[in-house]
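Q: I'd like to ask some things about the structure below.
The values are calculated or read from the model by the stated rules, or taken from the named source; none is laboratory data. What you are looking at is a predicted structure, and each value in this text was computed from that prediction instead of being measured. Here the Cβ positions follow ideal geometry from the backbone for every residue, glycine too, while neighbour counts run over all protein chains shown. We work out accessible area using only protein heavy atoms, side chains counted, and drop any ligands, DNA or RNA first. Shrake-Rupley method; radii C 1.70, N 1.55, O 1.52, S 1.80 Å.
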Amino acid sequence: MTRENIITPDGATLELFTTGAELAPAGSGVVVVQASMVTAADYTRFAQKLSAALGRPVHTFNRRGRGESSPQPEDYTLDVDIRDLDAVMKHTASTDVFGHSFGGAVALHAARSLPVERLAVYDPAVSVNHSVKADWTPEYERATAAGDDDRALAVLVRGMETGGAFSRMPLSMLTLANKLTAGTPVGKQMRELMKTGVREIKAIIAADMPAEPFLALPLETLIIVGEKSPAYFGVACGQIHDVLSGSSYTILPGFGHDGAIRAPEKLISELSDFFAG
């Protein structure tokens, strides 16, 4: 794996990782756009397995607010991530994109205008006809105002519903669990990315639209939803698939929202077949 920092047109820094750089002569790479509350490092196994299966480079990068990338601007909107994706695609000469969760929302909105040839998304957190709701944010903001990060994180995890059974724990138990795991690598990362994560969820809701504008997506679009993922992912994906006649829609059996990070063979095989054209 190689690592480099690239500079965006607005002067920001993005930390970029390339797996399989030696495979560049075999063809354009695949750019991976990550979810909220995680970093590029969480996709190392995914990138290694996809690159090996595809025989082409896979590029992961830390979106703003992570690693050595610049912080999110105070006036952050989804357009910031769309412009950053454009910068990474140009730098790596890539036209294929994979997005997971929030990264899937970025990829879906971006592919309406960027030169994306093949687009694949897993559990994209895109809001279509108000499919994504965040009525829990006032409670989250009360907790952060009171300096109670453990409770704020518990409200966030329950609101996003992406942690499986963990997300369904009573708020008091989830708050206690956060206290007990605060010193672990995962606990520290969740706290570090909590504010950026909430800002991203608000950006998704602000970008809500009907399904019809997604007709501008590439004809080759693959939509994958985890069998055990929260239902709201399927609601939005179903609406997009209905209007995008050339898209493929599939369910990943036995996996939830973390399916992309866990990188099972079935997912890698499906993606490598799709990106191989």
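Q: Which residue is surrounded by the most Cβ atoms within 10 Å (Cβ to Cβ), if the candidates are limited to region 145-170 and must be at positive phi and of a type outside the set (D, E, K, R)? Working first, answer last.
A: Restricting attention to region 145-170, the residues satisfying the condition of being at positive phi are 147, 161, 164.
Filter once more, so that each one left must be of a type outside the set (D, E, K, R): 147, 164.
Values: G147: 8, G164: 13.
Out of the qualifying residues, it is G164.
Q: List pairs: first residue in region 250-277 and of a type in the set (V, I, T), second residue in a helix (DSSP H, G or I) and open to solvent by 40 Å² or more (accessible area, probe 1.4 Å) anywhere in the structure, Cβ distance under 6 angstrom, at least six positions apart or on different chains.
A: If the second residue must be in a helix (DSSP H, G or I) and open to solvent by 40 Å² or more (accessible area, probe 1.4 Å), the pairs left are I261/D42; I268/K49; I268/A53.
Q: Please work out which residue is nearest to S229 (Cα to Cα), limiting yourself to region 145-175 and to residues that are out of contact with any Lys or Arg (no Cβ under 8 Å at 6 or more places or on another chain), in a helix (DSSP H, G or I) and without any contact (Cβ under 8 Å) to a residue 12 or more places away in the chain.
A: Filtering region 145-175 for residues that are out of contact with any Lys or Arg (no Cβ under 8 Å at 6 or more places or on another chain), in a helix (DSSP H, G or I) and without any contact (Cβ under 8 Å) to a residue 12 or more places away in the chain, the one nearest to S229 (Cα to Cα) comes out as A165.
Q: What number goes with the only condition from (1) more than 16 Å from A236 (Cα to Cα); (2) modelled with pLDDT under 90; (3) over 16 Å from the mean Cα position of the chain (by Cα) that K133 does not pass?
A: Unmet condition: (1).
Q: I would also like to ask the following. Specify the residue that is nearest to L193 (Cα to Cα); the eligible residues are those in region 21-36 that are open to solvent by 10 Å² or more (accessible area, probe 1.4 Å) and either assigned to a loop (DSSP other than H, G, I, E, B) or out of contact with any Pro (no Cβ under 6 Å at 6 or more places or on another chain) (or both).
A: S36
Q: For A111, all conditions in the list (1) open to solvent by less than 10 Å² (accessible area, probe 1.4 Å); (2) under 11 Å from the mean Cα position of the chain (by Cα) hold save one; what is the number of the exception?
A: If we test A111 against (1) open to solvent by less than 10 Å² (accessible area, probe 1.4 Å); (2) under 11 Å from the mean Cα position of the chain (by Cα), just (2) comes out false.
Q: Right, next: Going through P264, P253 one at a time, which residue ends up being surrounded by fewer than 21 Cβ atoms within 10 Å (Cβ to Cβ), under 23 Å from T39 (Cα atoms), at pLDDT 95 or above and more than 15 Å from the chain's Cα centre (by Cα)? Lay out the reasoning, then the answer.
A: Working: P253 fails: under 23 Å from T39 (Cα atoms).
Answer to the check: P264.
Q: Is there any pair with a first residue in region 73-87 that is of a type in the set (K, R) and a second that is open to solvent by 20 Å² or more (accessible area, probe 1.4 Å) whose Cβ atoms are under 8 Å apart and which are 6 or more apart or on different chains, and what are they?
A: Matching pairs, first to second residue: R83/P9; R83/D10.
Q: Still on this model: Limited to region 82-108, what total is found for residues that are over 11 Å from the mean Cα position of the chain (by Cα) and either charged (D, E, K, R) or assigned to a loop (DSSP other than H, G, I, E, B) (or both)?
A: Counting residues in region 82-108 that are over 11 Å from the mean Cα position of the chain (by Cα) and either charged (D, E, K, R) or assigned to a loop (DSSP other than H, G, I, E, B) (or both) gives 8.
Q: Now a separate question. Taking E68 as the residue in question, decide whether it is charged (D, E, K, R) and either in a strand (DSSP E or B) or surrounded by 21 or more Cβ atoms within 10 Å (Cβ to Cβ) (or both). If you could, list the steps in order and put the result at the bottom.
A: Details: charged (D, E, K, R): yes; either in a strand (DSSP E or B) or surrounded by 21 or more Cβ atoms within 10 Å (Cβ to Cβ) (or both): no.
It is false that E68 is charged (D, E, K, R) and either in a strand (DSSP E or B) or surrounded by 21 or more Cβ atoms within 10 Å (Cβ to Cβ) (or both).
Q: Please specify each residue of region 236-250 satisfying the condition of being hydrophobic (A, V, I, L, M, F, W, C) and buried (at least 17 other Cβ atoms within 10 Å of the Cβ).
A: Here is the first cut: in region 236-250, the residues hydrophobic (A, V, I, L, M, F, W, C) are 236-237, 240, 243-244.
Hits for region 236-250 are A236, C237, I240, L244.
Q: Hey, can you tell me all the residues within region 178-194 that are open to solvent by 20 Å² or more (accessible area, probe 1.4 Å), in contact (Cβ under 8 Å) with a residue 12 or more places away in the chain and in a helix (DSSP H, G or I)? So that I can check it myself, show each step before the final result.
A: Looking only at region 178-194, we keep the residues that are open to solvent by 20 Å² or more (accessible area, probe 1.4 Å), and these are 179-186, 188-192.
Subset that is in contact (Cβ under 8 Å) with a residue 12 or more places away in the chain: 179, 182, 189-191.
Of everything in region 178-194, those that are open to solvent by 20 Å² or more (accessible area, probe 1.4 Å), in contact (Cβ under 8 Å) with a residue 12 or more places away in the chain and in a helix (DSSP H, G or I) turn out to be K179, Q189, M190, R191.
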